1. Considering each of 136, 153 in turn, give the residue that is over 22 Å from the mean Cα position of the chain (by Cα), closer than 17 Å to residue 36 by Cα and open to solvent by less than 50 Å² (accessible area, probe 1.4 Å).
2. Taking the criterion of being of a type in the set (Ser, Thr, Tyr), touching a helix residue (DSSP H, G or I) at 6+ places or on another chain (Cβ under 6 Å), under 25 Å from residue 152 (Cα atoms) and at pLDDT 95 or above, would at least one residue in segment 96-112 satisfy it?
3. Of the conditions (1) within 20 Å of residue 184 (Cβ to Cβ); (2) outside any helix (DSSP H, G or I), residue 37 fails just one. Which one is it?
4. Filter segment 156-174 down to the residues that are surrounded by 19 or more Cβ atoms within 10 Å (Cβ to Cβ) and of a type outside the set (Phe, Trp, Tyr), then identify the one that is nearest to the chain's Cα centre (by Cα).
5. Of all residues in segment 1-31, which are open to solvent by less than 70 Å² (accessible area, probe 1.4 Å) and at pLDDT below 95?
6. So which of 75, 109 ends up being farther than 30 Å from residue 143 by Cβ, open to solvent by 60 Å² or more (accessible area, probe 1.4 Å) and over 10 Å from the mean Cα position of the chain (by Cα)?
7. Hey, any hits in segment 175-194 for a residue that's outside any helix (DSSP H, G or I) and over 20 Å from the mean Cα position of the chain (by Cα)?
8. Is it the case that segment 39-60 has a residue that's farther than 23 Å from residue 116 by Cα and open to solvent by 40 Å² or more (accessible area, probe 1.4 Å)?
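The values are calculated or read from the model by the stated rules, or taken from the named source; none is laboratory data. All of these numbers come straight from a predicted model, not from anything done at the bench. Quick reminder, even Gly has a Cβ in these numbers, built from the backbone with ideal geometry, and neighbours come from all protein chains shown. Surface areas here come from the heavy atoms of the whole protein model, side chains and all, with no ligands, DNA or RNA. Shrake-Rupley method; radii C 1.70, N 1.55, O 1.52, S 1.80 Å.
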Amino acid sequence: MSNVKVSNTRRLVVIAMLSAIAIVVYYLDFNVPLMPAFIKLDLSNVISLIAAFALGPVSGVSVCLIKNLVHLLIKGLSTTYGIGDIFDFVTSAVFALVAGYIYLKMKNKKGALIGCAVGTVVFSAISLPLNLFIVYPIYAAAFGGMDAIVGMYKEIMPSVDSLFGALAIFNLPFTIIKGILCSVVTIIIYKPLSPVIKGRN
C-alpha cells in the first residue's frame with residue numbers, strides 16, 4: 001500500500017475529486033442539540049482523513065486547503081475576514097496531518113486507530129486556544145461584543161459566565177465528539193474505498 005505506486009497525475013485527479021466531495025460535505029452541516037445555533041457539525045474531515053490515509057498526509061492537508069479556499073471564495077470574506085474557514089483549515093489540516101503521518105508509519109488497522117485517536121486529541125487541543133485568543137475575539141468585534149456571544153451560551157446554561165468556561169463546557173466536548181465521529185466513519189469506509197482510490201479495481 002505504498003504511496004509511490006500512485007502516479008502523480010492520478011494523485012492530482014484523486015485529490016481534486018476528494019476535494020470536490022469535501023466541499024459538498026462541508027455544506028451539509030447541521031445544528032446539534034445543546035449548542036448555540038451558530039455552531040454546526042459537518043463531516044468533511046472524513047474526506048481529508050481518507051485522502052491522508054490513501055495518498056499521504058500532505059494530500060489530506062491539500063484536500064482541507066482546497067475545501068476551505070473554495071468555500072471562502074463562494075462565501076466571501078464578509079466582516080470576519082474568513083476567520084471561520086481559516087480556523088477550520090488549521091484544525092482540519094492538523095487532524096489529517098497527524099493521523100495521516102502515523103498511518104504512513106504504521107499501515108494497518110492499529111495504525112489507523114492510533115492515528116485517528118492522536119489526531120482527535122491534537123485536533124481538539126488546538127481548537128481551545130485558537131477559539132479563545134483568536135477566533136472568538138474576532139467574532140466579538142464583528143458581532144456585538146463578547147457579552148453577546150457568551151450570552152448565547154448562557155441561554156443554554158445560565159451558570160456560564162466567561163468565554164473560557166463556555167469553550168471548555170461546550171466547544172471542547174463538541175470538538176472531541178466531532179473528531180471521534182469522523183474517525184469512526186473514516187475507519188469504517190476507508191478499507192472498501194481504498195482500492196478504488198488507488199486504482200486497484
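1. Values: 136 fails: over 22 Å from the mean Cα position of the chain (by Cα).
On inspection, the qualifying residue turns out to be 153.
2. Taking every residue of segment 96-112 in turn, none turns out to be of a type in the set (Ser, Thr, Tyr), touching a helix residue (DSSP H, G or I) at 6+ places or on another chain (Cβ under 6 Å), under 25 Å from residue 152 (Cα atoms) and at pLDDT 95 or above.
3. With (1) within 20 Å of residue 184 (Cβ to Cβ); (2) outside any helix (DSSP H, G or I) applied to residue 37, the lone miss is (1).
4. Among those residues, the one meeting the criterion is 171.
5. 2, 3, 6, 7, 11
6. Residue meeting the stated conditions: 109.
7. First, the residues of segment 175-194 that are outside any helix (DSSP H, G or I): none.
So far as segment 175-194 goes, no, none of its residues is outside any helix (DSSP H, G or I) and over 20 Å from the mean Cα position of the chain (by Cα).
8. No, that holds for no residue.
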